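As structure tokens, the structure follows; a few thoughts come after it.
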Amino acid sequence: MKAFGMTDIGKRRAVNQDNIFISATPVGNLPNLFVVADGMGGHKAGDCASRYATDAVVESIKSNEDTHVVSILTKAVNDANSLVFKNSMENEDLKGMGTTLVIATVVDNELITANVGDSRLYLIREDSITQITEDHSLVAEMVRMGQIDKQEARKRPDKNIITRAIGIYDHISADFFKNKLRSGDHVLLCSDGLSNMLEDSEILMMVKDKEEPDKKASRLINLANNKGGKDNISVIIIEPETDEV
């Protein structure tokens, strides 16, 4: 497996409130682990929320003796939510903080994903790109209800209003997705600092390129910044080896 990730402050923000974790080697009972968290809140709060959540996920998985992947990820999401919520309640400076969270692991030939919020996971296969996760956002709900289309959703000023996040309430429910992988597939996790700036077709073109994952990630972030870099930008690219799928 090849994997690479990077995060960038962008062109408009004073602080990078994104946080990522990448391990192509085992973490606890998982063979690999990839995390993107996009924090929200005040000057310090969003940064703390994404860091707390990412650290909690990793520590939860390391200490979990369970072997059922969805159970491991469910506990990790719950532990992250509890930690962010607790700190939000106990520290006035962090009150109201929250974060998105998308977690992925590849087990044998299966991609397993957990998601809360509007950070995304895409599956790139040959000449197609599919958004696997579903955004927990106001405009995404409007798209699903048929009130607006996807192109209109990209232009809405309220597109960053999310309807579900880690740390806002004392309990949270994540969405889970399972996808069988094929040889040549690519997986991309990102914060909305990338997906709001680039069209899916632009992401597809760069990810399916023959370059190494680090070059692709850098090019994606550079393009998002060249288009305005209105938010923090985080990208993780995963390329399972042929014999793994």
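The values are calculated or read from the model by the stated rules, or taken from the named source; none is laboratory data. Just so we're clear, the structure is a prediction, and the values are computed from it rather than from any experiment. Every residue, glycine among them, receives a Cβ derived from its backbone with ideal geometry; neighbour counts consider all protein chains shown.
Of everything in the stretch 32-85, what is buried (at least 24 other Cβ atoms within 10 Å of the Cβ), of a type in the set (A, V, I, L, M, F, W, C) and in a strand (DSSP E or B)? Give them in sequence order.
Leu33, Phe34, Val35, Val36, Ala37
For residues that are small (Gly, Ala, Ser) and within 12 Å of the chain's Cα centre (by Cα), tally how many sit in the stretch 1-48.
Total satisfying the criteria: 3.
Within the stretch 66-73, can one find any residue that is without any contact (Cβ under 8 Å) to a residue 40 or more places away in the chain and in contact with a helix residue (DSSP H, G or I) (Cβ under 6 Å, 6 or more places away or on another chain)?
Within the stretch 66-73, one or more residues are without any contact (Cβ under 8 Å) to a residue 40 or more places away in the chain and in contact with a helix residue (DSSP H, G or I) (Cβ under 6 Å, 6 or more places away or on another chain).
Only one of Thr100, Thr54 is closer than 22 Å to Ser137 by Cα, out of contact with any Phe, Trp or Tyr (no Cβ under 8 Å at 6 or more places or on another chain) and of a type in the set (Ser, Thr, Tyr). Can you tell me which?
Result of the check over Thr100, Thr54: Thr100.
So which residues in the stretch 86-111 are in contact with a strand residue (DSSP E or B) (Cβ under 8 Å, 6 or more places away or on another chain) and either assigned to a helix (DSSP H, G or I) or farther than 14 Å from Asp185 by Cβ (or both)?
Selection gives Ser88, Met97, Gly98, Thr99, Thr100, Leu101, Val102, Ile103, Thr105, Val107.
Between a first residue in the stretch 96-119 that is at pLDDT below 95 and a second residue that is basic (Lys, Arg) and not in a loop (DSSP other than H, G, I, E, B), which pairs have beta carbons less than 9 Å apart while being 6 or more apart in sequence or on different chains?
From residues that are at pLDDT below 95, the pairs are Asn109/Lys180.
Inside the stretch 169-178, can you point out the residues that are surrounded by fewer than 19 Cβ atoms within 10 Å (Cβ to Cβ) and touching a strand residue (DSSP E or B) at 6+ places or on another chain (Cβ under 6 Å)?
Within the stretch 169-178, Asp175, Phe176, Phe177, Lys178 qualify.
Tell me yes or no: at least one residue of the stretch 203-217 is under 24 Å from Asn32 (Cβ atoms), surrounded by 19 or more Cβ atoms within 10 Å (Cβ to Cβ), within 20 Å of the chain's Cα centre (by Cα) and among the basic types (Lys, Arg).
The answer is yes; a qualifying residue exists.
Any residue that is surrounded by 22 or more Cβ atoms within 10 Å (Cβ to Cβ) and under 13 Å from Ile124 (Cβ atoms) - is there at least one of those in the stretch 219-226?
yes
Among Asp192, Asp200, which is the only one that is surrounded by 21 or more Cβ atoms within 10 Å (Cβ to Cβ), within 26 Å of Asp8 (Cα to Cα), out of contact with any helix residue (DSSP H, G or I) (no Cβ under 6 Å at 6 or more places or on another chain) and not β-branched (Val, Ile, Thr)?
Working: Asp200 fails: surrounded by 21 or more Cβ atoms within 10 Å (Cβ to Cβ).
Only one candidate passes the filter, namely Asp192.
Only one residue in Thr130, Thr113 is hydroxyl-bearing (Ser, Thr, Tyr) and either surrounded by fewer than 22 Cβ atoms within 10 Å (Cβ to Cβ) or over 18 Å from the mean Cα position of the chain (by Cα) (or both). Which one?
Of Thr130, Thr113, the one residue that is hydroxyl-bearing (Ser, Thr, Tyr) and either surrounded by fewer than 22 Cβ atoms within 10 Å (Cβ to Cβ) or over 18 Å from the mean Cα position of the chain (by Cα) (or both) is Thr130.
Give me the pairs, please: first residue somewhere in the stretch 4-23 and among the basic types (Lys, Arg) and at pLDDT 95 or above, second residue anywhere and surrounded by fewer than 19 Cβ atoms within 10 Å (Cβ to Cβ) and outside any loop (DSSP other than H, G, I, E, B), beta-carbon distance under 6 Å, and either six or more positions apart or on two chains.
Going by the 6 Å Cβ cut-off, the qualifying pairs are Lys11/Asn225.
For the stretch 145-160, state whether one or more residues are of a type in the set (Val, Ile, Thr), under 22 Å from Val77 (Cα atoms) and surrounded by fewer than 21 Cβ atoms within 10 Å (Cβ to Cβ).
There is no residue in the stretch 145-160 that is of a type in the set (Val, Ile, Thr), under 22 Å from Val77 (Cα atoms) and surrounded by fewer than 21 Cβ atoms within 10 Å (Cβ to Cβ).
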